[in-house]
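Let me begin by presenting the structure, written as structure tokens, before commenting on it.
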Amino acid sequence: MPKYRQLADKEIATLTVYGCSAENWKQVMVVDNFSPDFISNVHFSGNIFLGSYQKVFEKEGGLKKHSGIFNSVLHNCTIGNDVYIDRIKNYIANYDIADEVYIENVDLMVVDGLSSFGNGVKVATMIESGGREVTIFENLSSQFAYALIFSRHDSEFIQKSEKIISDFVLTKKSEKGKIGINTKIINCGSLKNISVGNFAQLEGVTLLENGTIVSTEESPTHIGFDVQCNDFIIQSGSSVTDGAMLTRCFVGQGVLIGKQFSAIDSLFFANCQGLHGEAVSVFAGPYTVTHHKSTLMLTALYSFMNAGSGTNFSNHMYKLGPVHQGITERGVKTSSGSYIMWPARIGAFSVVLGKHKGNPDLSDLPFSYLIENEGESTLLPGINLHSAGTIRDVQKWPKRDIRKGSKQLDLLIFDFLSPYTISKALKGIEVLTGLLKNMDETASFVWYQNCKIKRSSIKKGIELYEMAVSVFLGNQLIKIMSSGEINSIKTLFSNTSEAGKSEWMDLAGLFAPKSEVEKLIMKVKTEYNSIEEIEANFETIYTNYDEYSWNLAAEIMSRKTEKPLQSINKEDLISMIAAWEKAGLTFDDLILRDAKKEFNSISRIGFGLDGDEHICNSDFEATRGTFDEHSFVKDIQQGMKQKSALVNDLTNRLKSF
């Protein structure tokens, strides 16, 4: 806190000559090295604290502007050192403005009474009429939000969590707003009851009311032209631009929202993208993407989801109001023109094509294609396991994580064949085996959850899920044996625990054993009193993910061999490694075949427009490259070579035990 003094009579005289005035000059306090030289046409009222203005700002194109305060009305404000303020059309009231802030051509900046700046706003997520409200606050994570939304049955947990959040919100209440160091606010309209972090940029904003913009030097936040936000939190590294309209929304880290996108009562977590379309009461888990004007995201949980153009989710077939909700588990994609009537649940890494009104629950059949065929919903279980597009998505997610800085709120695990999805695949094997067993011998298909599944698709689904389990077990064996600490079968299984051996959850990015989440919930009810304690527990679950995953793998090995862990021998493990190689190479081959479709004759339509077939092929290859030289293809082929070498190495190691 700098030391302030009252203005000298000479300084007051100089300011008066420069067109300045004050209700009471004695309430205008300045730092020791204050100079009135760069303050003109300013009216002061209330308690004013001024710094020293010596910096020269260099603008785009080389224009230079000296720091100072010009053409403004200030009320109850603290203005830091080397700040530039000019052309405030109305006034700035009740703000602490940090060093090196640049504010120009703004209609109004005011804090009107006691405000928590968006902290404490209740967002009616997933159900428009209420029931799953989340109280948003600056440090809300996807995993905590998930727990709040889906633990409504545990009133004690909800009440204690709300008390913890309320205590945090109290720390944010103030009658003065803050504008952080090096922030730029240019050509903006009305900014009311907002708090802005360091290095943020607000340019051309129309309206911001009751919100917090978290921003850091490592991860600055940008709010752009024609944006309107009410009752909001926008986290670091995010960009909200181009006429976006948000009401009662939380925007997480590294999120991009723009191109007239509108949202109400919605949560957007790490690396989401919302452009052109509309969201209502949406829980958008990490990497949820919608880029199209005619796409409506409505009353559902989405996570790592990609919505095709014209995708529409509907909850309007109701009698008691908009109460229906949907769930698309991690990695779901929809094709152009897709439609799903809620309530419904789509399994992880599934693809939806066409229109579906049968309200299916397909959670136990992940990696599927849900296709409309002659007005009916047809399901192809497991077929998406060998899609080149799916593998490419999984590979690109970590590369597209634009969050920066050490404090990342959402804990993300990117594994494709994770304990969560493999647990679902195991359940899928049970479901499909049961359907096959109970089918009439003459029947060619069966109905499941209002979806038609052909006999051949059931058999193929079982085969694909079994292969996925084999790959998962092999991956886990390789990972633990690569640690260098395993020198016998006994040590391989000696440190397993019960955590992770049963049901798993996907907490919007964080895979976690249900048992560990239940322990966390109990600690919230009995021990924890702060957000930090809750998030530290989530961090522990995140850190122990590999251990929990191995526990599940060991349990599956015990079931498959029908032996207790202590009785599993090296021959059993060598057999699993061989199954891993066979399944992995089969998947890789299928993925390459799928990728090769992008280089077939159909894909070449439109190339070499004015030439013969030779010109067409040359144009295609010059533009798209060749199959053999594509980086994705080369990575898969390299992985296939490495598998065989790895199998030989592991087999020899196991034989030496």
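We did not get these values from a lab; they are worked out from the coordinates using the rules stated. Here the structure is a predicted model, which is why all the values come from computation and not from measurement. Neighbour counts are summed over all protein chains in view; Cβ atoms, including those assigned to glycine, are modelled from backbone coordinates with ideal geometry.
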Next on the checklist: As a footprinting exposure proxy, order 109, 522 by other Cβ within 10 Å, with the fewest listed first.
Outcome noted: 522, 109
Next on the checklist: I want the local charge near residue 218. Using Cβ-Cβ distances under 13 Å, sum +1 for each Lys or Arg and -1 for each Asp or Glu among the other residues.
Outcome noted: +2
Checklist outcome for this item: Short to long, in 10 Å steps from zero, the percent of alpha-carbon pairs of the stretch 1-110 per bin is 15, 53, 28, 4, 0
Next on the checklist: Rounded, prolate or oblate, given the Cα gyration tensor of the stretch 570-656, with a/c below 1.5 counting as rounded?
Outcome noted: prolate
Checklist entry - Which of 544, 632, 578 sits closest to the plus end of the dipole of the chain, meaning its Cα is farthest towards the positive end, when Lys and Arg get +1 and Asp and Glu get -1 on the C-beta? => result 578
Checklist entry - Say each of residue 129 and residue 187 gets a label point 7 Å from the Cα, pointing the same way as Cα to Cβ; how far apart are those two points in nm? => result 4.6 nm
Checklist entry - Mind checking the dipole of the stretch 570-656: about its Cα centre, +1 per Lys or Arg Cβ, -1 per Asp or Glu Cβ, Debye to the nearest 20? => result 560 debye
Item to check | ³J(HN,Hα), Karplus 6.51/-1.76/1.60, whole Hz, each residue of the stretch 342-356, x for Gly, Pro | outcome: 7, x, 6, 9, 9, x, 4, 6, 9, 10, 10, 10, x, 10, 9
Item to check | Length-normalised contact order of the stretch 1-110 in % [C-alpha pairs under 8 Å, at least 6 apart] | outcome: 19 percent
Checklist entry - About its Cα centre, how strong a charge dipole does the stretch 116-238 have in debye, to the nearest 20, once Lys and Arg get +1 and Asp and Glu get -1 at the Cβ? => result 240 debye
Next on the checklist: I want the antiparallel fraction of DSSP beta bridges within the stretch 1-110, as a percent rounded to 5.
Outcome noted: 15 percent
Checklist entry - Roughly speaking, what is the centre-to-centre gap between the stretch 205-283 and the stretch 59-74 when only Cα atoms are used, to the nearest Å? => result 28 Å
Next on the checklist: I'm checking a number: the convex hull volume of the Cα atoms of the chain, normalised per residue, in Å³. What is it?
Outcome noted: 206 Å³
Next on the checklist: Using +1 at the C-beta of Lys and Arg and -1 at the C-beta of Asp and Glu, which of 280, 603, 461 has the Cα lying farthest in the positive direction of the dipole of the chain?
Outcome noted: 461
Checklist entry - Under the rule of -39500 (n - 2.57) per DSSP H run of 4 or more residues, summed and divided by the residues of the chain, what mean residue ellipticity at 222 nm is obtained, to the nearest 500 deg cm²/dmol? => result -10500 deg cm²/dmol
Checklist outcome for this item: DSSP beta bridges in the stretch 328-411: the antiparallel percent, rounded to 5, is 35 percent
Checklist entry - Could you give the length gained on full extension between residue 566 and residue 90, defined as 0.36 nm per residue of separation minus the Cα-Cα distance, in nm? => result 163.6 nm
Next on the checklist: Using Cβ contacts closer than 10 Å as the measure, can you line up 251, 517 from fewest to most?
Outcome noted: 517, 251
Item to check | Nearest-20 debye value, the chain charge dipole, Cβ charges on Lys, Arg, Asp, Glu | outcome: 800 debye
Next on the checklist: Need the C-alpha centroid separation for the stretch 339-389 versus the stretch 453-487, integer Å.
Outcome noted: 22 Å
Checklist entry - What is the Cα centroid distance between the stretch 591-612 and the stretch 108-164, reported in whole angstrom? => result 50 Å
Checklist outcome for this item: Rounded to the nearest 5, the percent of DSSP beta bridges in the chain running antiparallel is 15 percent
Checklist entry - In whole Hz, what ³J(HN,Hα) sequence does the stretch 527-537 give by Karplus (6.51, -1.76, 1.60; θ = phi - 60°), x for Gly and Pro? => result 10, 6, 9, 8, 4, 4, 5, 5, 5, 5, 5
Checklist entry - Residue-wise, which Karplus ³J(HN,Hα) couplings in Hz belong to the stretch 166-179, taking 6.51 cos²θ - 1.76 cosθ + 1.60, θ = phi - 60°, and x for glycine or proline? => result 4, 5, 5, 4, 4, 5, 9, 6, 6, 8, 10, x, 10, 10
Item to check | Length-normalised contact order for the chain - Cα pairs under 8 Å, 6+ apart - percent | outcome: 7 percent
Item to check | Point-to-point label distance, residue 206-residue 433, nm (Cα→Cβ direction, 7 Å offset) | outcome: 5.9 nm
Item to check | Mean Cα-pair separation over length for the stretch 570-656, i.e. relative contact order, pairs under 8 Å, 6 or more apart, % | outcome: 44 percent
Checklist entry - If the viscosity is 1.567 mPa s and the temperature 4 °C, what translational diffusion coefficient in µm²/s does Stokes-Einstein give for the stretch 1-58 when Rh comes from Kirkwood over Cα pairs? => result 110 µm²/s
